[in-house]
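Readers should treat all values here as calculations from the given coordinates under stated rules, not as data from a laboratory. What you see is a predicted model, and the numbers here were worked out from it, not measured in a lab. Counting neighbours? That spans all protein chains shown, and the Cβs are built from the backbone with ideal geometry, glycine included.
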Amino acid sequence: MMLFYSPIHGFIHKVLVVAHEAGLWDELDFVPVYPVKDGYSISAINPLHKVPTLVLDDYTVLYGSQTIVEYLDDNSISGKKLYPVDKKSRWDALRRLALADTVFEVTVVMALERLQSPPRDTVFSWNWPKVVRSVDQMNEDSNGDSKDFDIGHASTLHALSYLDRQTKRGLHKSIPKDWDWRDGRLNLHKWFDEAIQRPSVTSHFNKEYDGDDSPEFCQRKIAEVLKSQGKTLPKKFTSHSVDFVPPGD
């Protein structure tokens, strides 16, 4: 399988965590896609033009992190499942998955808005309270024990690590630069520090990508997928495309 994703340093990828927990890490051919660099357009295989994008062995293309992680979990060879079978536990895990995924999404919105000149204040006044309320809820949900680990937890790591990355850079004048989701949230802080020790996290968290991450490599892999589908890479994608690839969800 090919996984098109952004190997951002200091970011816990939900899809990579699930792949590792499912015992499928070694089955993946990693294809780096960098959001703000030329030459990494993947819209020829994904009309949404977003990472992560997963290409199966038969060259079926899956997109959307929630689709991809469920596929990986459904095909787990490790004996571990991150989607609970018990109905009550399952719906709780899915609730926390939705909460964390939305925190990630609105943080991406704010991070992109920060690049505008000038940024619109309303984007932050509307979205930032959602982030604060959500991390408060995450703290309430956490008992500080990382032994029980499910898809909601994987997404929580994803959201918090990205939130860390962006708040440390400074999101907006209305958000204190020293703001830290850990402050006053001891349960969540304890849980996070334990959870990031899982092999599925240490496999990639705070590690630089080691491999071919050139745009040429990315486009060769896209051409391989298209060829298997009886298609060819459109001419506009054979050179360095300047299309923007949003950060992975």
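Numbers below:
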| read-out | value |
| --- | --- |
| Length added when fully stretched, Thr232-Thr102, from 0.36 nm per residue minus Cα-Cα | 43.2 nm |
| Distance in nm between pseudo-label sites at Arg114 and Glu216 (7 Å out along the Cβ direction from Cα) | 3.4 nm |
| Quotient of Cα Rg and 2.2 N^0.38 Å for the chain, N being how many residues it contains | 1.03 |
| Selection from Trp191, Gln166, Gln137, by position along the positive dipole direction of the range 87-202 (Cβ) | Gln166 |
| Charge-dipole axis of the range 1-134 as Lys and Arg at +1 and Asp and Glu at -1 on Cβ define it, positive-most pick from Ala93, Thr60, Leu3 | Ala93 |
| Computed over the range 87-202, Cα set: Rg, Dmax in Å | 14.5, 47 |
| Estimated distance in nm for a label pair at Leu56 and Arg133, the labels positioned 7 Å out from Cα along Cα-to-Cβ | 3.8 nm |
| Estimated distance in nm for a label pair at Lys207 and Asp193, the labels positioned 7 Å out from Cα along Cα-to-Cβ | 2.4 nm |
| Counting all C-alpha pairs of the range 57-120, share separated by more than 14 Å (%) | 72 percent |
| The range 1-136 - Rg (one decimal) and Dmax (whole number), Cα, Å | 16.8, 51 |
| Simple Cβ-charge dipole of the chain, Lys/Arg +1 and Asp/Glu -1, about Cα centre, in debye nearest 20 | 700 debye |
| The range 83-98 versus the range 53-73: alpha-carbon centroid distance in Å | 20 Å |
| Restraint check, Lys130/Lys173; Lys37/Lys207; Lys147/Lys173, Cα-Cα greater than 27 Å | Lys147/Lys173 |
| Length gained when the stretch Gln66-Arg182 is fully extended (0.36 nm per residue, less Cα-Cα span) | 39.1 nm |
